[in-house]
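Student: Structure in structure tokens, see below.
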Amino acid sequence: MKIVMLGAPGAGKGTYASRLSKRYGIPHISTGDIFRENIKNNTELGQKAKKYMDEGLLVPDELTCDLVMDRISEDDCKKGFILDGFPRTIPQAEALTEALSARGEKMEYALNVVVEDEKIVKRMAGRRSCPNCGAIYHLVTLPPKKEGICDKCGTPLVQRADDKEETVLKRLSIYHEQTEPLIEYYNKQGILHEMSGDADVDKEVLRIAKVLEA
């Protein structure tokens, strides 16, 4: 089962991907993790990616696609995988389609997690994280027991720059311009299904599972 997760930043793609990963016993693969892993292991592809990242440049599509293809060639992906964070643009999607096609394979499902922009801004602006242990809280839906302090390790919580309202609005603008066209790209292939980013997670996972298993 080969799945690609679509949706705006903060829509809940990662939450759904990790639930589906457990349900089907297939890896949840995020491009950020692939980059970090390759750089940590000092692979040839990792060295190339690091060069761009150190200069503050975006890693080129072709190299990103090579890294993803390298990852999904590993043994744990034999039954399938869930891609989260890639592709982000039409050229990346085309490169992925081409690379899979060369192996006689193709993406089977594209799951688009739908949430209104206003809700995403509220959701992300309320997030707080622990710089020490990485625990994540939300001022409204998951507040810490003591205001501003991590329950797990007692460290003062911070708001990541990524979660500040102006940053979220900028990320949403880039998403609509560059990534949203992927919805139509996969819709034309007849593999697009929508998920609600507002629904009860367990119920929505069961609902989409019926679609995937039909």
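Student: Quick one: dipole size for the chain, taken about the Cα centre, charges +1 on Lys/Arg Cβ and -1 on Asp/Glu Cβ, in debye to the nearest 20. Before the final figure, lay out each step's value.
Tutor: Working: 32 positive and 35 negative charges, 159 e Å.
Taking the Cα centre of the chain as origin, the dipole is about 760 debye.
Student: Just from its helices, what would the mean residue ellipticity at 222 nm be for the chain, if runs of 4 or more DSSP H residues each count -39500 (n - 2.57) and the sum is divided by every residue, rounded to the nearest 500 deg cm²/dmol?
Tutor: Details: 9 runs with 98 residues, N = 214.
Taken over the chain, the calculation gives -14000 deg cm²/dmol.
Student: So if I place +1 on the C-beta of Lys and Arg and -1 on the C-beta of Asp and Glu, and nothing else carries charge, what would the dipole magnitude of region 128-214 be about its Cα centre? I want it in debye, nearest 20.
Tutor: On the way: 12 positive and 15 negative charges, 72 e Å.
In debye, rounded to 20, region 128-214 gives about 340.
Student: PRE reach from ARG207 (point 7 Å along Cα→Cβ): which of region 160-193 fall under 19 Å by backbone N?
Tutor: Answer for this model: 191-193.
Student: Given N residues in the chain, what is Rg(Cα) / (2.2 N^0.38 Å)? Write down the numbers at each step before the final one.
Tutor: Details: Rg = 18.0 Å, N = 214, 2.2 N^0.38 = 16.9 Å.
Taking N as the residue count of the chain, the ratio is 1.06.
Student: Which distance in nm do the two modelled labels at ASP75 and ILE90 give, with both placed 7 Å along the Cα-to-Cβ direction?
Tutor: With each label point 7 Å from Cα toward Cβ, the separation is 4.1 nm.
Student: Less than 16 Å from a label point 7 Å out along the Cα-to-Cβ axis of GLU180: which backbone N atoms in region 10-29 qualify, by residue?
Tutor: Those under the cut-off are 10-11.
Student: Moving on to the next point. Estimate the FRET efficiency between LYS50 and ALA214 by the formula 1/(1 + (r/R0)^6), using the beta-carbon distance for r and 41 Å for R0, to the nearest 0.05.
Tutor: After rounding to 0.05, the efficiency reads 0.45.
Student: Starting from the Cα-Cα distance between LYS40 and LYS22, subtract it from 0.36 nm times their residue separation and give me the gain in nm to one decimal. Could the numbers behind the result be given before it?
Tutor: Numbers: separation 18, 0.36 × 18 = 6.48 nm, distance 2.56 nm.
Extending this stretch completely gives an extra 3.9 nm.
Student: Another question, if that's okay. Rounded, prolate or oblate for region 108-170? Axes are the square roots of the Cα gyration tensor eigenvalues, ordered a ≥ b ≥ c, and the cut-off for rounded is a/c under 1.5.
Tutor: Values: a/c = 2.24, a/b = 1.78, b/c = 1.26.
Here region 108-170 falls in the prolate category.
Student: With the cut-off at 20 Å, tell me which of the pairs LYS13/LYS210; LYS13/LYS122; LYS79/LYS210; LYS119/LYS188; LYS22/LYS106; LYS40/LYS79 have Cα atoms farther apart than that.
Tutor: On the way: LYS13/LYS210 18 Å; LYS13/LYS122 17 Å; LYS79/LYS210 18 Å; LYS119/LYS188 28 Å; LYS22/LYS106 22 Å; LYS40/LYS79 26 Å.
Over 20 Å Cα-Cα: LYS119/LYS188; LYS22/LYS106; LYS40/LYS79.
Student: Computing the accessible area with a 1.4 Å probe over protein heavy atoms, can you report the carbon and sulfur percentage for the chain? Provide the component values of the computation, followed by the final result.
Tutor: Details: 6150 of 12260 Å².
Within the chain, the accessible surface is 50 percent carbon and sulfur.
Student: Over the chain, what relative contact order in percent results from Cα pairs under 8 Å that are six or more residues apart?
Tutor: Here the relative contact order equals 28 percent.
Student: Hey, another quick one. With a 1.4 Å probe and all protein chains left in place, how much accessible area per residue does the chain have, in Å²?
Tutor: Numbers: 12260 Å² over 214 residues.
The answer is 57 Å² per residue.
Student: With a ≥ b ≥ c taken as the square roots of the eigenvalues of the C-alpha gyration tensor of region 161-203, please select rounded if a/c is under 1.5 and otherwise prolate if a/b is larger than b/c or oblate if it is not?
Tutor: Values: a/c = 4.47, a/b = 1.31, b/c = 3.42.
Oblate, since a/c reaches 1.5 and b/c is not below a/b.
Student: Report the per residue volume, in Å³, of the convex hull enclosing the C-alpha atoms of region 1-123. Please list the in-between numbers first.
Tutor: Values: hull volume 14.9 nm³, N = 123.
Spelled out: Cα convex hull of region 1-123, divided by residues, is 121 Å³.
Student: At what distance in angstrom do the alpha carbon centres of region 105-151 and region 60-97 lie from each other?
Tutor: 25
The values are calculated or read from the model by the stated rules, or taken from the named source; none is laboratory data. The structure presented is a predicted model; accordingly, all values stated were derived computationally and were not measured. Because the Cβ atoms are built from the backbone with ideal geometry, glycine has one as well, and the counts that use them run over all protein chains shown. Each accessible area value is taken on the protein alone, full model and side chains, heavy atoms only, with ligands, DNA and RNA left out. Shrake-Rupley method; radii C 1.70, N 1.55, O 1.52, S 1.80 Å.
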